[in-house]
Amino acid sequence: MSEKGTLTVGGVPEHFNLPWHLAIQQGLFGKEGLNIHWREYPGGTGAMIRDLRSGDLDAAVLLTEGIVAGICKGNPSQIIAPYVVSPLIWGIHVPAGSAFHEVEALQGKRFAISRYGSGSHLMAYVHARQRGWDPEALQLVLAGDLTGARKAFRHGEADAFMWEKTMTQPLVDNGEFRRVGECPTPWPSFVIAARIEVIEQDTQSLRRMLEVIAKSSQNFKGSSQSVRIVSERFAIRPEDVAAWFAHTRWADRSGQELTDNVLQHVMDTLLDIQVIDEAVLANQLFNRL
């Protein structure tokens, strides 16, 4: 573990995490005596879970279902706050030239995933179960990240790929992907988790970090410049960014949206699709600092 006040935090290089970048650029963490090292994870939640376990990360912004599965499997971490409490809208994509035009045609087909235990893996299972398919009948193709999924499509190695709708919109617009459906998560999309060792040894720093990011997120949501910033940084059309902002809600510092009932629902779903073998008590998942 780093010295107190110094935290290595991981997150995907996507628009949801711009409040972290802005807070770092504006020196907001430094004003609270914090030294935040941000580390990007194009491979997503599965890669961050791995590095939380190894100690390479102190904290991370992850998909709710991914870290819940990780903790149930023994990852020495806990959720310390909700981050984005609105559902994540997963787009279900096929190559633009694919013969598959309806979601129903994808039953039992090859789904690209970033890695096992990732959101793209878990949500492919959740989506299958919602449609009454056997999740075990899905053929999974390990792609690494969005770039890897694009390569798998080009080489004819995968039939479908699930990824956050707004980030894939440019690929739909340019004719590389075709979106055949959507699948919202049935729970708040992103949480912040930390290793138990860090929670026990540097609680105050984590609390200050959460206060800063909660304020930065609310300022980001309320800024008249945010649509332009996201549009320019991620090459997404302003109207698509505005639509994303309209349905996206960041958590305040209360944490009230992430109840024990919500966490139990996540675990029940993961048990149902056989991603985890057993659940833990909800209060073992969430440490309300």
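The values are calculated or read from the model by the stated rules, or taken from the named source; none is laboratory data. All values reported here derive from a predicted model rather than from experimental measurement. Please note: Cβ atoms are built from the backbone with ideal geometry, for glycine as well, and neighbour counts cover all protein chains shown.
Exactly one of (1) over 19 Å from Asn287 (Cα atoms); (2) out of contact with any strand residue (DSSP E or B) (no Cβ under 8 Å at 6 or more places or on another chain); (3) not in a helix (DSSP H, G or I) is unmet by Glu104. Its number?
Only one criterion in (1) over 19 Å from Asn287 (Cα atoms); (2) out of contact with any strand residue (DSSP E or B) (no Cβ under 8 Å at 6 or more places or on another chain); (3) not in a helix (DSSP H, G or I) is unmet by Glu104, namely (3).
Of these, Ala96, Ala105, Ala112, which one is over 30 Å from His265 (Cβ atoms), out of contact with any Cys (no Cβ under 9 Å at 6 or more places or on another chain) and not assigned by TED's automatic domain parsing to the domain that holds Gln256? Walk me through it before giving the result.
Values: Ala105 fails: over 30 Å from His265 (Cβ atoms); Ala112 fails: over 30 Å from His265 (Cβ atoms).
Within the list Ala96, Ala105, Ala112, the selection yields Ala96.
Please verify whether segment 250-258 includes one or more residues that are of a type in the set (S, T, N, Q), within 20 Å of the chain's Cα centre (by Cα) and surrounded by fewer than 13 Cβ atoms within 10 Å (Cβ to Cβ). I'd like the intermediate steps shown before the answer.
Step one: of segment 250-258, the residues of a type in the set (S, T, N, Q) are 254, 256.
This time we only want the ones that are within 20 Å of the chain's Cα centre (by Cα), so: 256.
Right, trim to surrounded by fewer than 13 Cβ atoms within 10 Å (Cβ to Cβ) and you get 256.
The answer is yes, given that some residue of segment 250-258 is of a type in the set (S, T, N, Q), within 20 Å of the chain's Cα centre (by Cα) and surrounded by fewer than 13 Cβ atoms within 10 Å (Cβ to Cβ).
Give the residues of segment 205-224 that are without any contact (Cβ under 8 Å) to a residue 12 or more places away in the chain and part of a helix (DSSP H, G or I), sorted by residue number. It would help to see each step written out before you state the result.
Initially, segment 205-224 is screened for residues without any contact (Cβ under 8 Å) to a residue 12 or more places away in the chain, giving 222-224.
Of everything in segment 205-224, just one residue is without any contact (Cβ under 8 Å) to a residue 12 or more places away in the chain and part of a helix (DSSP H, G or I), namely Gly222.
Name, by its number, the condition in (1) part of a helix (DSSP H, G or I); (2) under 30 Å from Arg129 (Cα atoms) that does not hold for Ser231.
The single condition Ser231 does not satisfy is (2).
Can Ile80 be described as touching a residue at least 24 places away in the same chain (Cβ under 8 Å), among the aliphatic types (A, V, I, L, M), assigned by TED's automatic domain parsing to the domain that holds Phe220 and touching a strand residue (DSSP E or B) at 6+ places or on another chain (Cβ under 7 Å)?
Values: touching a residue at least 24 places away in the same chain (Cβ under 8 Å): yes; among the aliphatic types (A, V, I, L, M): yes; assigned by TED's automatic domain parsing to the domain that holds Phe220: yes; touching a strand residue (DSSP E or B) at 6+ places or on another chain (Cβ under 7 Å): yes.
Yes: the conditions hold for Ile80.
Being in contact with a helix residue (DSSP H, G or I) (Cβ under 9 Å, 6 or more places away or on another chain), surrounded by fewer than 21 Cβ atoms within 10 Å (Cβ to Cβ), at pLDDT below 95 and over 24 Å from Phe111 (Cβ atoms) narrows it down to one of Gly55, Gly30, Gly5, so name that one.
Working: Gly55 fails: at pLDDT below 95; Gly30 fails: at pLDDT below 95.
None of the other options fit; the residue is Gly5.
Take the residues in segment 63-95 that are assigned to a strand (DSSP E or B), farther than 16 Å from His15 by Cβ and not β-branched (Val, Ile, Thr), then tell me which one is farthest from the chain's Cα centre (by Cα).
Checked segment 63-95; the qualifying residue farthest from the chain's Cα centre (by Cα) is Pro95.
If I filter segment 109-147 down to residues being free of Cβ contacts under 8 Å to residues at least 40 places away in the same chain and in a loop (DSSP other than H, G, I, E, B), which single residue comes out as surrounded by the fewest Cβ atoms within 10 Å (Cβ to Cβ)?
Only one residue tops the list, namely Gly132.
Counting only residues that are surrounded by 15 or more Cβ atoms within 10 Å (Cβ to Cβ) and among the acidic types (Asp, Glu), which one in segment 173-204 is farthest from Asn17 (Cα to Cα)?
Only one residue fits best here, namely Glu176.
Which of the residues spanning segment 260-283 are over 18 Å from the mean Cα position of the chain (by Cα), surrounded by 13 or more Cβ atoms within 10 Å (Cβ to Cβ) and within 22 Å of Thr203 (Cβ to Cβ)? Working first, answer last.
As a first pass, look at segment 260-283 and keep what is over 18 Å from the mean Cα position of the chain (by Cα): 260-261, 264, 268, 271-274, 276-283.
Narrowing the set further to residues that are surrounded by 13 or more Cβ atoms within 10 Å (Cβ to Cβ) leaves 264, 271-273, 276, 279-280, 282.
Those that are over 18 Å from the mean Cα position of the chain (by Cα), surrounded by 13 or more Cβ atoms within 10 Å (Cβ to Cβ) and within 22 Å of Thr203 (Cβ to Cβ): Val280, Ala282.
For segment 155-164, state whether one or more residues are among the aliphatic types (A, V, I, L, M), part of a strand (DSSP E or B) and not assigned by TED's automatic domain parsing to the domain that holds Gln26. Don't jump to the end; show me each part of the working.
Start the filter on segment 155-164 by keeping residues that are among the aliphatic types (A, V, I, L, M), which leaves 158, 160, 162.
If we keep only those that are part of a strand (DSSP E or B) as well, we get 160, 162.
Subsequent filtering for residues that are not assigned by TED's automatic domain parsing to the domain that holds Gln26 retains 160, 162.
Yes, some residue in segment 155-164 is among the aliphatic types (A, V, I, L, M), part of a strand (DSSP E or B) and not assigned by TED's automatic domain parsing to the domain that holds Gln26.
Kindly evaluate Arg150 against the criterion of being part of a helix (DSSP H, G or I), at pLDDT below 95, charged (D, E, K, R) and out of contact with any strand residue (DSSP E or B) (no Cβ under 7 Å at 6 or more places or on another chain).
Working: part of a helix (DSSP H, G or I): yes; at pLDDT below 95: no; charged (D, E, K, R): yes; out of contact with any strand residue (DSSP E or B) (no Cβ under 7 Å at 6 or more places or on another chain): yes.
No: the conditions fail for Arg150.
It is to be established whether one or more residues within segment 18-38 are in contact (Cβ under 8 Å) with a residue 40 or more places away in the chain, in a loop (DSSP other than H, G, I, E, B), β-branched (Val, Ile, Thr) and not assigned by TED's automatic domain parsing to the domain that holds Arg129.
no
So, Arg179, is that one touching a residue at least 40 places away in the same chain (Cβ under 8 Å) and in a helix (DSSP H, G or I) or not?
Working: touching a residue at least 40 places away in the same chain (Cβ under 8 Å): yes; in a helix (DSSP H, G or I): no.
When the stated conditions are applied, Arg179 does not pass them.
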